[in-house]
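The values are calculated or read from the model by the stated rules, or taken from the named source; none is laboratory data. Quick caveat, the model's predicted, so the values are computed rather than measured. With ideal geometry, Cβ positions are generated from the backbone for all residues, glycine too; neighbour counts draw on all protein chains shown. We work out accessible area using only protein heavy atoms, side chains counted, and drop any ligands, DNA or RNA first. Shrake-Rupley method; radii C 1.70, N 1.55, O 1.52, S 1.80 Å.
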Amino acid sequence: MLTLPDEKFKMIFDMINKINDLLAEINQLKATGKDELEALRIKYLSKKGEIALLMNDFRSVAAEQKRETGQKLNELKEKAQAKINELKELLENQRSSGDFVDLTRTAYPYSVGTRHPLSIVGKEICDIFGRLGFNIAEGPEIEDDWHVFSSLNFAPDHPARDMQDTFFVAYGTDILLRTHTSSVQTRVMEKTQPPIRIICPGRVYRNEAISYRAHCFFHQVEGLYIGKNVSFADLKQALLFFAKEMFGAGTKIRLRPSFFPFTEPSAEMDISCNLCGGKGCPFCKHTGWVEILGCGMVDPNVLDNCGIDSQIYSGYAFGMGIERIANLKYQVKDLRLFSENDVRFLRQFESAT
Ligand code: DAH
């Protein structure tokens, strides 16, 4: 029977125990980050690590015990290496699958939305008139014949009342989608005595085939000023101020006679083409002018219809399409872009306030 000196026996016994402990320990290893994993590698596999220490001890193992102990040691070394590799792979996978939360990483920037170009332009129009003392007024989009047509002096057989032009909400009723924001005039005048100075932005609807230059809904801003001795000169001055503020100090305006049922006299206003500066270009069809709005002195019939004494008060009104103004500002060639919500289009207005 082979007997070993006590000391040697004890050493091998301790070594085998240690190897078994380490094997159990390594089996349980976990790492939540790269640094932790590196610390584990150093603890077990580096030159001064646990396994290297055992290798040192191994030198003094008796020759006849070397085979068995050596095998155990190799097994330990391989298992440790395999475990470290496994943990490394796990960490990398967690990172790429997004499960891994790295609290030290720079935060993702929030993707901030942008204002719609029509909101930007609508606000700008209201702000300019706001500086002249106009207040914002709003009204419903679902309206009745009185507020949209009758009160505004439309003759009973006016073509705008035709279903071809107007969307009726229920067949056979006079409930309809407003075709212009002039209806807000009536709503305010019915409730308020002059002086009235309002600017009314909003959406309007018309029964039009959708194309690059027409849509079944669009946006308007209506303006109304009622007071004593309000004259056409006041109207012209307000509109000139608006044109210069909106399109630049060098902008000129011209008024051409026109007709609207609710104003008398009525006019259409052009501004000098903001692309060619009035010299003439394809955009202004070589006229040097582009039309931007309709306006006029409020017809006395309208004032009386709304309970305002036309013998005492007079006023002016104007109305413009926000899409039209936005087109002039940004040269948007296709009206449909405004309602398609394509972020590639909308993002272009990111810098505007
Ligand atoms: N309501 C008209 C339209 O939709 C625009 C308009 C023209 C409004 C002249 C006015 C005005 O107040 O005076 O085409």
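Output the antiparallel fraction of DSSP beta bridges having both residues in the chain, as a percent to the nearest 5. Display every interim value, and only then the final one.
On the way: 43 of 45 bridges.
The antiparallel fraction comes to roughly 95 percent.
Which percent of the accessible heavy-atom area of segment 1-155 goes to carbon and sulfur, probe 1.4 angstrom? If you can, show how the numbers build up before the last one.
Details: 5530 of 10490 Å².
Here it works out to 53 percent.
Where does the longest stretch of the chain lie that holds no chymotrypsin sites (Phe, Trp or Tyr not before Pro) found in a DSSP loop with 13 or fewer other Cβ atoms within 10 Å? Working shown, then result.
Details: sites that count: Tyr110, Tyr171, Tyr212.
Result, exposed sites excluded: 213-353.
For Lys34, what accessible area in Å² do you get when you roll a 1.4 Å probe over the heavy atoms of the protein chains, rounding to the nearest 10?
Accessible surface of Lys34 is approximately 150 Å².
With each run of n ≥ 4 DSSP H residues scored as -39500 (n - 2.57), what mean residue ellipticity at 222 nm is computed for the chain after dividing by its residue count and rounding to the nearest 500 deg cm²/dmol? Present the calculation step by step, with values, prior to reporting the outcome.
Working: 12 runs with 145 residues, N = 353.
-13000 deg cm²/dmol, from helical runs alone.
Which entries of Lys66/Lys88; Lys48/Lys88; Lys123/Lys329; Lys123/Lys333; Lys123/Lys228; Lys30/Lys66 show an alpha-carbon separation above 24 angstrom in the structure shown?
Working: Lys66/Lys88 33 Å; Lys48/Lys88 21 Å; Lys123/Lys329 14 Å; Lys123/Lys333 21 Å; Lys123/Lys228 28 Å; Lys30/Lys66 32 Å.
Over 24 Å apart, Cα to Cα: Lys66/Lys88; Lys123/Lys228; Lys30/Lys66.
Could you tally the net charge around Cys295, taking each other residue with its Cβ under 13 Å from the Cβ of Cys295, Lys/Arg +1 and Asp/Glu -1? Mind showing how you got there, number by number?
Values: positive: Lys236, Arg254, Arg256; negative: Glu222, Asp234, Glu264, Glu268, Asp270, Glu291, Asp299.
Local net charge: -4.
What order do Arg59, Arg105, Arg254, Arg187 take when sorted by accessible area (1.4 Å probe), most exposed first?
Details: Arg59 175, Arg105 130, Arg254 90, Arg187 70 Å².
So the residues, ranked largest to smallest area, are Arg59, Arg105, Arg254, Arg187.
Decide, for segment 117-352, between rounded, prolate and oblate: order the square roots of the alpha carbon gyration tensor eigenvalues as a ≥ b ≥ c, take rounded if a/c falls under 1.5, and otherwise choose prolate if a/b is larger than b/c, else oblate.
Numbers: a/c = 1.69, a/b = 1.20, b/c = 1.40.
Note, shape of segment 117-352 comes out oblate.
If eta is 1.002 mPa s and T is 20 °C, what Stokes-Einstein diffusion coefficient results for segment 240-353, Kirkwood Rh from Cα pairs, in µm²/s? All intermediate terms of the calculation are to be shown ahead of the outcome.
On the way: Rh = 16.3 Å.
In µm²/s, the coefficient is 132.
Normalised radius of gyration for segment 269-325, please: alpha carbon Rg relative to 2.2 N^0.38 Å, two decimal places.
Working: Rg = 16.7 Å, N = 57, 2.2 N^0.38 = 10.2 Å.
Taking N as the residue count of segment 269-325, the ratio is 1.64.
Count the net charge of all other residues whose Cβ sits under 11 Å from the Cβ of His147, scoring Lys and Arg as +1 and Asp and Glu as -1.
On the way: positive: Arg178, Arg187; negative: Glu143, Asp144, Asp145, Asp174, Glu190.
Result for the local shell: -3.
What is the log10 of I(q)/I(0) for segment 53-185, computed with the Debye formula using one identical point scatterer on each Cα and no solvent, at q = 0.12, 0.17, 0.20 Å⁻¹?
After summing over all Cα pairs, the log10 values are -0.79, -1.05, -1.15.
Out of Lys279, Lys66, Lys252, any idea which swings most in a Gaussian network model of the chain, alpha carbons joined below 10 Å?
Comparing Lys279, Lys66, Lys252 in the GNM, the peak value goes to Lys66.
In segment 264-353, what percent of the accessible surface is made up of carbon and sulfur (1.4 Å probe, ligands and nucleic acids excluded)? All intermediate terms of the calculation are to be shown ahead of the outcome.
Numbers: 2080 of 4370 Å².
Its accessible area is 48 percent carbon and sulfur atoms.
Just to check I understand the Karplus step: with θ = phi - 60° and J = 6.51 cos²θ - 1.76 cosθ + 1.60, what whole-Hz values come out for segment 35-49, glycine and proline as x?
In residue order, the calculated couplings are 5, 5, 5, 5, 4, 5, 4, 5, 4, 9, 10, 6, 4, 10, x Hz.
Go through segment 225-233 residue by residue and turn each phi into a ³J(HN,Hα) via Karplus (6.51, -1.76, 1.60, θ = phi - 60°); whole Hz please, and just put x for glycine and proline.
Coupling constants for segment 225-233: 10, 10, x, 8, 6, 6, 10, 5, 5 Hz.
At 1.4 Å probe radius, can you tell me the per residue accessible area of the chain in Å²?
Working: 20510 Å² over 353 residues.
For the chain, the per-residue accessible area is 58 Å².
Per residue of segment 182-187, in order, report the coupling 6.51 cos²θ - 1.76 cosθ + 1.60 (Karplus, θ = phi - 60°) as ³J(HN,Hα) in whole Hz, putting x for Gly and Pro.
Once rounded to whole Hz, the list reads 4, 4, 5, 3, 4, 4.
Hey, what D do you get for segment 6-97 in µm²/s if you plug the Kirkwood alpha-carbon radius into Stokes-Einstein at 20 °C and 1.002 mPa s? Don't jump to the answer; show the numbers that get you there.
On the way: Rh = 14.2 Å.
Rounded to a whole number, D works out at 151 µm²/s.
If a cysteine in the chain has no other Cys Cβ under 4.7 Å from its own Cβ, put it on the list, ordered by number.
Cys126, Cys200, Cys216, Cys295, Cys306
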